[in-house]
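Report on the following structure.
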Amino acid sequence: MPGSHESVVADHGGHTEMLARTLGISPEDLLDFSSNTDILVAHLTAKIAASIDPVLHRYPDPECVDLREAIAQYEPAQRDEVLCLSGSSEGIFLALAGLRPTKACIVAPIFSEYVRACHSLDIPSQLHVLDPGQDFRLTEQDVSALAATDADLIVICAPCNPTGAALSNLARLLPGLGKRTLLVDGTYHEFVHATEHHAPLSFQELKQAMPPGSRLLMLRSFTKWAACPGVRLGYALGDPGLLAELSRLQPPWSVTQFAQNLGQVLLNRIGDFRDSRAPLHELRGNMARALAQCPAIAHVVPSDLNFFLCRLRSGVSSQAVARELLAQHMVVRVCDNIPGLDNGGYVRIQIRTRQDNERVTNALVGIGLDQVR
């Protein structure tokens with residue numbers, strides 16, 4: 001978006017620095033609804049991070065032993081089933097480079113880096129787009145179609161970004177998996193903790209249910225549930241032999257010592273994070289009802305997470321909606337470049353505090369259809 005905000009499509013959400021420069025204001029003056037981090041716990045993460053004394057004169061532990069132990073207890077898993085990453089985005093490229101599938105079937109809508117990684121690595125790929133008429137939930141028709149694909153790698157985001165669907169019936173895919181590899185992006189798994197959606201997404205349950213000859217690789221991230229995208233910290237879960245292959249492709253000291261130390265404390269304080277997230281359910285219900293009253297929005301996709309995907313009315317431009325909000329110093333995620341939503345007509349909006357949510361919904365209610373068509 002060089003020089004103007006005529007286009008408000010960025011590679012990802014959270015581009016507040018870029019947008020602020022364009023507007024000539026401070027990033028602190030932008031209210032960012034385009035990122036999916038849990039703003040309800042940001043104060044807790046900031047306090048924990050400030051208490052960690054970074055060790056600058058030694059290299060990080062290349063094996064991330066202590067953090068892997070903490071992750072293994074949290075999941076649960078064995079320590080050699082954990083590979084620490086500089087964000088789950090690193091895991092996407094490592095996974096595709098290490099697995100080298102002859103073809104990848106990517107269940108969409110999904111985070112755009114999967115398609116980009118396939119293109120970068122010359123891996124043939126196809127999209128299997130979930131039905132918007134079913135609110136992008138996994139149906140029996142999807143299960144049958146994925147069982148019939150000629151791809152040897154199936155990629156799915158569960159819980160799903162950008163739709164907000166938990167996809168808790170993911171295990172239905174397993175009987176038809178055959179000898180394929182299933183790559184599950186579980187970046188948002190913490191948001192469904194202690195709900196009916198949680199258990200089927202656990203690493204242990206899926207691992208034990210995998211059919212003979214198949215492989216499971218899961219990606220996780222601290223970024224969203226702990227509101228720390230600037231730290232870059234994630235991990236992969238899988239067979240130790242597969243993780244060893246991926247580790248050999250990883251740059252040395254990929255995960256900083258500060259990130260390792262922070263990750264351990266975050267997991268030790270997981271109960272505090274879950275308590276801080278307690279208001280999310282009520283905030284989500286209130287915001288869904290408010291968004292449904294906005295003239296430009298045709299449908300609010302039901303969400304199990306901390307954001308909403310909104311389908312705009314026919315003829316309404318997602319970029320025009322975003323520009324109207326940007327003029328009021330609010331940022332939403334234009335979804336035109338998200339695989340599976342690239343026909344336009346969707347925006348994604350983060351759930352923040354009650355006051356923030358009221359500000360963006362009031363602004364949306366005030367935007368007339370003549371302004372965005």
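The values are calculated or read from the model by the stated rules, or taken from the named source; none is laboratory data. All figures in this text were calculated on a predicted structure; none of them were measured in a lab. All Cβ positions, even for glycine, are placed from backbone atoms using ideal geometry, and neighbour counts span all protein chains on display. SASA here: full protein model, heavy atoms, side chains in, ligands and nucleic acids out. Shrake-Rupley method; radii C 1.70, N 1.55, O 1.52, S 1.80 Å.
Listed values, structure above:
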item	result
Segment 325-345: number of residues that are in a loop (DSSP other than H, G, I, E, B) and either basic (Lys, Arg) or within 17 Å of residue 35 (Cα to Cα) (or both)	6
Qualifying residue in segment 224-233 (condition: of a type outside the set (Phe, Trp, Tyr), over 27 Å from residue 305 (Cα atoms) and within 22 Å of the chain's Cα centre (by Cα))	no
When residues of segment 56-71 are limited to those that are over 24 Å from the mean Cα position of the chain (by Cα) and not charged (D, E, K, R), the one modelled with the lowest pLDDT	56
Contacts under 9 angstrom Cβ, first residue in segment 57-85 being on the phi > 0 side of the Ramachandran plot, partner among the basic types (Lys, Arg) and surrounded by fewer than 21 Cβ atoms within 10 Å (Cβ to Cβ), 6 or more apart	none
Residues (among the acidic types (Asp, Glu) and free of Cβ contacts under 8 Å to residues at least 60 places away in the same chain) located in segment 33-56	53
Segment 344-373 residues that are under 17 Å from residue 285 (Cβ atoms), paired with ones that are hydroxyl-bearing (Ser, Thr, Tyr) (beta carbon under 9 Å, 6 or more apart)	349/34; 349/361; 350/34; 350/35; 350/37; 351/303
Check on residue 52, at pLDDT 95 or above and not in a loop (DSSP other than H, G, I, E, B)	no
Any hit, segment 72-91, residues being touching a helix residue (DSSP H, G or I) at 6+ places or on another chain (Cβ under 8 Å), at pLDDT below 95, small (Gly, Ala, Ser) and open to solvent by 10 Å² or more (accessible area, probe 1.4 Å)	yes
Strands (runs of 3 or more DSSP E) completely within segment 92-163 that count 1 or more residues being open to solvent by 10 Å² or more (accessible area, probe 1.4 Å) and under 25 Å from residue 213 (Cβ atoms)	125-129
Residue within segment 176-190 that is surrounded by fewer than 20 Cβ atoms within 10 Å (Cβ to Cβ), of a type outside the set (Lys, Arg), in contact with a Lys or Arg (Cβ under 7 Å, 6 or more places away or on another chain) and in a loop (DSSP other than H, G, I, E, B) present	no
Leading residue by the ranking (farthest from the chain's Cα centre (by Cα)) among those in segment 346-363 that are in a loop (DSSP other than H, G, I, E, B) and surrounded by 19 or more Cβ atoms within 10 Å (Cβ to Cβ)	352
Single condition residue 323 does not satisfy, out of (1) modelled with pLDDT of 95 or more; (2) buried (at least 17 other Cβ atoms within 10 Å of the Cβ)	(1)
Hey, residue 46 over 30 Å from residue 239 (Cα atoms), assigned to a helix (DSSP H, G or I) and either small (Gly, Ala, Ser) or at pLDDT 80 or above (or both) or not	yes
Subset of segment 12-34 that is touching a Phe, Trp or Tyr at 6+ places or on another chain (Cβ under 9 Å) and not hydrophobic (A, V, I, L, M, F, W, C) - its residue that is most open to solvent (accessible area, probe 1.4 Å)	12
Filter result for residue 247 (of a type in the set (S, T, N, Q), over 30 Å from residue 80 (Cβ atoms) and open to solvent by less than 60 Å² (accessible area, probe 1.4 Å))	no
Single residue of 278, 209, 226 found to be in contact with a helix residue (DSSP H, G or I) (Cβ under 9 Å, 6 or more places away or on another chain), open to solvent by 40 Å² or more (accessible area, probe 1.4 Å) and under 30 Å from residue 47 (Cβ atoms)	278
Answer residue from segment 323-343, given it is among the charged types (D, E, K, R) and touching a residue at least 12 places away in the same chain (Cβ under 8 Å) and is farthest from residue 109 (Cα to Cα) among those	324
Hits in segment 164-175 (condition: among the small types (Gly, Ala, Ser) and surrounded by 16 or more Cβ atoms within 10 Å (Cβ to Cβ))	164, 165, 166, 168
